[in-house]
Each structure stands twice: as structure tokens, then as C-alpha cells.
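Participant: Once you've had a glance at the structure underneath, I'll fire off some questions.
The values are calculated or read from the model by the stated rules, or taken from the named source; none is laboratory data. Being a predicted model, the structure only gives us computed values, none of them experimental. Cβ placement follows ideal geometry from the backbone for every residue including glycine, while neighbour counts extend to all protein chains displayed. Keep in mind that these areas ignore ligands, DNA and RNA; they rest on the heavy atoms of the full protein, side chains included. Shrake-Rupley method; radii C 1.70, N 1.55, O 1.52, S 1.80 Å.
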Amino acid sequence: MKGALIGCGFFARNQLHAWAEVPGAEIVALCDRDPARLDETARAFGISRTYADADEMLVREDLDFVDIATTVDSHRPLVELAARSGVHVICQKPIAPTMADARAMVAAVAESGKVMMVHENFRWQSPIRRAVEAVRAGAIGTPFFGRISFRSGYDVFSGQPYLAEGERFIIEDLGIHILDISRALFGDVTRLTATTRRVNPRIRGEDVATMLLSHDSGVTSVVDCSYATRRSPETFPETLLEIDGTEGTLRLDAGYRLTIQRGDDAQVEDVAPPLLPWAERPWHNIQESVRTIQRHFADCIAAGPEPETSGADNLKTFALVEAAYLSASEGRSVALDEI
């Protein structure tokens with residue numbers, strides 16, 4: 001399959017490295033409005049066909065898919081352009097600025113008969129995947145409680161300064177991943193309650209959020225996120241898990257230590273992700289997940305099943321983001337059917 005990457009910003013290099021390791025797929029063209037950034041990326045990855053305009057690229061190139069790695073405001077026009085052009089699409093998160101935009105994008109691709117997947121990669125990190133598979137296989141019986149936690153003092157703004165400028169920050173940028181992990185573990189959500197706080201005075205949005213989720217399955221989960229937490233050693237960018245079930249417990253602790261306990265028997269496993277040749281610590285768990293999710297996308301196009309993080313599925317994760325902001329602003333619990 002021939003693909004094109006739209007957007008050559010902060011995260012795009014991870015996607016390009018990963019595509020080079022996906023069997024049966026190749027990035028043949030790049031698109032970015034910044035000439036210097038476009039040229040630098042093209043030279044670094046040996047891609048000669050470059051464009052400043054996505055419409056022109058889709059007219060001139062014979063493509064099977066596009067990978068949209070731009071900021072959120074451009075997602076809808078680019079996804080709808082891809083749908084009109086008859087190509088499959090993988091789009092960065094968050095899917096859109098609003099639920100109305102997100103629903104329109106998913107509908108447009110569905111009408112074109114092509115596959116749409118959202119680059120919701122945290123559930124594809126190998127330590128998280130191991131935990132998800134264990135829970136789904138009944139390793140601890142039926143879950144009834146879970147905590148999914150991401151707390152760090154890492155300076156994410158140095159590499160992505162625009163994150164400090166938006167009125168929304170941690171739930172939209174990071175919390176969406178952690179909420180998606182909760183959905184992967186426990187299923188869809190009926191009700192959500194959230195509180196937020198801004199600790200860092202140099203940013204506009206919230207950098208701390210705590211969310212209480214009631215799942216259709218009967219599980220109660222707590223999703224907590226912070227970029228204002230000073231800890232040593234720093235655990236960025238690890239997501240930690242605590243899950244209680246009717247037959248045992250599962251813990252994913254710092255340092256990628258997974259413990260599954262049933263009765264007096266505790267199995268401890270090192271689930272540290274591999275350090276790929278192009279990856280670097282501590283980002284390597286995220287970088288490995290990029291390769292995994294892109295392989296999943298390619299496999300789904302080739303074999304026909306709907307991607308696990310399809311556009312339609314991601315509407316449910318994005319609804320949790322919207323519910324969290326509504327809950328925090330109005331100080332109340334929000335039913336998901338309100339969104």
C-alpha cells in the first residue's frame with residue numbers, strides 16, 4: 001500500500017520510522033505547509049515527493065491511504081478530503097475540536113467505503129496490551145474496580161509549546177489516552193464525574209484532572225492525570241494500573257512490573273517494551289506503540305476487520321473527553337447520553 005503523511009511536526013518522525021517497519025506499506029509522499037520542515041523531513045527519510053497542499057497531493061499521487069499528523073483544527077477538512085479522494089485514513093487524536101465535527105468525519109469516511117482509524121496509541125503500548133489481554137482472558141475473574149494513572153512533572157511544553165496555549169490541556173491531550181485505556185479494559189461508560197485544576201501558572205489549560213467512570217459492565221474506574229506531580233524517580237511516560245477482580249488483582253507498577261495475583265499465588269512479569277533502533281528512552285514505550293498501531297491499521301485494510309480504534313469507536317472515547325470538561329465546568333455528574 002502506498003501512503004502519504006500529512007504534517008511533519010513534533011510526532012511525525014515516530015510515524016515515519018514506524019511506517020518503514022510495517023510490511024506491505026510505504027510512505028511515498030509528504031505534505032506540510034512549512035517549507036523548511038517539509039524539506040528537512042523529506043531529506044531525513046529519503047522521500048522525494050513533497051507537497052505544500054494536500055488537495056494537490058491527493059490529485060497527483062496514486063495513494064491507498066493518508067496518515068494525518070496535524071493539529072486538531074485541520075483534522076475535519078483533511079479527513080473529508082481523504083474521503084472524497086477515496087483513500088483510507090488514519091488520523092491523530094483528538095479526532096476533532098467538537099463532537100459534531102467528529103461525527104461528520106466518521107460519517108464521511110463511512111460513506112466512502114474506506115477505513116478510518118484514530119491514532120489512539122496508548123492502549124497499544126506493549127505493557128498496557130499485556131494487561132488488557134490478561135483482563136479480557138479472565139486472569140483476575142470479573143473486574144469490579146480499576147485505577148488508570150498517569151502522573152508526572154515532565155516538561156512536555158519544551159517540545160510542544162502550543163500545549164501551553166490552549167484553554168484545554170491535559171484531558172484533551174493526555175487524558176484522552178488514559179480514558180481510552182479504561183474503555184479498552186472495562187468497556188463503555190454510562191456516567192462520568194470530573195474535577196480539574198491548573199497548578200502551573202505559565203499555561204492556560206488544566207494540568208491536573210481526576211475522573212470517576214461508571215461502566216456498562218458494572219466496573220467503577222478512576223482515571224487520574226497530572227503534569228504537576230514532582231516525583232523521583234520520574235515515571236514519565238508510564239501509565240500505571242490497579243485492577244481488582246472477583247478472583248484476584250492486577251497491578252502494573254513503575255518500571256513496567258506487572259503483577260497478577262490470585263489467592264496466595266502472585267505472578268510477576270517484566271513487561272518492559274523493547275527499545276527499537278530508532279527509539280530513545282523514556283519515549284520508547286510510546287514509539288513502539290506507534291509501530292504496533294500502524295501495523296494494526298495495515299492489517300485491517302488488508303484483511304477487512306474494523307480497526308479496534310476505528311473512527312466510530314473513537315467517538316466513544318472522545319465523548320468521555322467532552323463529558324469530563326462538562327462535568328468539571330458545571331460541577332456535576334454527566335450521563336454519556338448527554339454528549
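Participant: Of 287, 301, 166, which is farthest towards the positive pole of the chain's charge dipole, taken about the Cα centre with +1 and -1 on the beta-carbons of Lys, Arg and Asp, Glu respectively?
Facilitator: Selected residue: 166.
Participant: Now, a different point. I need the phi-derived Karplus couplings for region 13-23: 6.51 cos²θ - 1.76 cosθ + 1.60, θ = phi - 60°, integer Hz, Gly and Pro marked x.
Facilitator: Running phi through 6.51 cos²θ - 1.76 cosθ + 1.60 with θ = phi - 60° gives 4, 4, 5, 5, 4, 5, 4, 5, 10, 9, x Hz.
Participant: To the nearest 500 deg cm²/dmol, what mean residue ellipticity at 222 nm is calculated for the chain from DSSP H runs of n ≥ 4 alone, each contributing -39,500 (n - 2.57), summed and divided by the residues?
Facilitator: Details: 9 runs with 113 residues, N = 339.
Per the formula, -10500 deg cm²/dmol.
Participant: Figure the gain on full extension for residue 246 and residue 199 (residue separation times 0.36 nm, minus the Cα-Cα span) and round it to one decimal in nm. Before the final figure, lay out each step's value.
Facilitator: Values: separation 47, 0.36 × 47 = 16.92 nm, distance 3.77 nm.
Using 0.36 nm per residue and subtracting the Cα-Cα distance, I get 13.1 nm.
Participant: Tell me the carbon and sulfur percent of the accessible area for the chain, rounded to whole percent, probe radius 1.4 Å.
Facilitator: Numbers: 6750 of 14470 Å².
The nonpolar share, carbon plus sulfur, comes to 47 percent.
Participant: Write down the accessible area per residue of region 73-161 in Å², having rolled a 1.4 Å probe over the full set of protein chains.
Facilitator: 36
Participant: While we're on this one: For the chain, calculate the relative contact order in percent as a whole number, restricting contacts to Cα pairs under 8 Å that are 6 or more residues apart. Can you show the working numbers first?
Facilitator: Values: 711 pairs, mean separation 63.1, N = 339.
Once normalised by length, the contact order is 19 percent.
Participant: Let me ask another. Would you mind checking region 229-246 for residues with the amide N under 19 Å from a putative spin-label position 7 Å along Cα→C-beta of residue 254?
Facilitator: Correct set: 229-243.
Participant: If amide H atoms are built 1.01 Å from N in the plane of the peptide, which residues on other chains or at least 5 residues away come under 5 Å of the amide H of residue 93?
Facilitator: For residue 93, whose amide H was placed from the backbone, the distant partners under 5 Å are 119.
Participant: Over its Cα atoms, what ratio of radius of gyration to 2.2 N^0.38 Å does region 97-141 give?
Facilitator: Details: Rg = 15.8 Å, N = 45, 2.2 N^0.38 = 9.3 Å.
Output field value: 1.69.
Participant: Around residue 49, which amide H atoms from residues at least 5 apart in sequence, or from another chain, sit under 5 Å from its own amide H, with H modelled in the peptide plane?
Facilitator: Amide H to amide H, under 5 Å and 5 or more residues apart or across chains, residue 49 pairs with 30.
Participant: Computed FRET efficiency, Cβ-Cβ of residue 53 and residue 111, R0 30 Å: what is it to the nearest 0.05? Let's see the in-between values first.
Facilitator: Numbers: r = 24 Å, r/R0 = 0.80.
Calculated value: 0.80.
Participant: If you take Rg/Rh (Cα atoms, Kirkwood Rh) from the coordinates, which of (i) 0.98; (ii) 1.18; (iii) 0.96 do you get?
Facilitator: (iii)
Participant: Another one. Is the shape of region 263-331 rounded, prolate or oblate, going by the alpha carbon gyration tensor and its root eigenvalues a ≥ b ≥ c, with a/c under 1.5 for rounded and a/b larger than b/c for prolate? All intermediate terms of the calculation are to be shown ahead of the outcome.
Facilitator: Numbers: a/c = 1.71, a/b = 1.22, b/c = 1.40.
Here region 263-331 falls in the oblate category.
Participant: Where a ≥ b ≥ c are the square roots of the eigenvalues of the C-alpha gyration tensor, would you call region 76-209 rounded, which needs a/c under 1.5, or, failing that, prolate if a/b is larger than b/c, or oblate?
Facilitator: Numbers: a/c = 1.95, a/b = 1.09, b/c = 1.78.
It comes out oblate by the Cα gyration axes.
Participant: Here's another thing I want to ask about it. Where does helix 35-45 land angle-wise versus the long Cα axis of the chain, in degrees 0 to 90, nearest 10?
Facilitator: Helix 35-45 sits roughly 80 degrees off the main axis of the chain.
Participant: Across region 243-258, in residue order, what do the Karplus-derived ³J(HN,Hα) couplings come to in whole Hz, using 6.51 cos²θ - 1.76 cosθ + 1.60 with θ = phi - 60° and x for Gly and Pro?
Facilitator: 10, 10, x, 5, 10, x, 9, 10, 10, 10, 9, 4, x, 6, 9, 9
Participant: Here's another thing I want to ask about it. Quick check on the chain: of the DSSP beta bridges with both residues there, what percent are antiparallel, nearest 5%?
Facilitator: Working: 39 of 66 bridges.
Given both bridge residues lie in the chain, the antiparallel proportion sits at roughly 60 percent.
Participant: Among rounded, prolate and oblate, which fits region 198-311 when a ≥ b ≥ c are the square roots of the eigenvalues of its C-alpha gyration tensor, a/c under 1.5 means rounded, and a/b larger than b/c means prolate?
Facilitator: Values: a/c = 1.28, a/b = 1.06, b/c = 1.21.
In terms of gyration-tensor shape, rounded.
Participant: Got a sec? What order do 227, 154 fall in by accessible area at 1.4 Å, biggest, i.e. largest, first? Before the final figure, lay out the partial values.
Facilitator: Details: 227 25, 154 75 Å².
Highest to lowest solvent-accessible surface, that is 154, 227.
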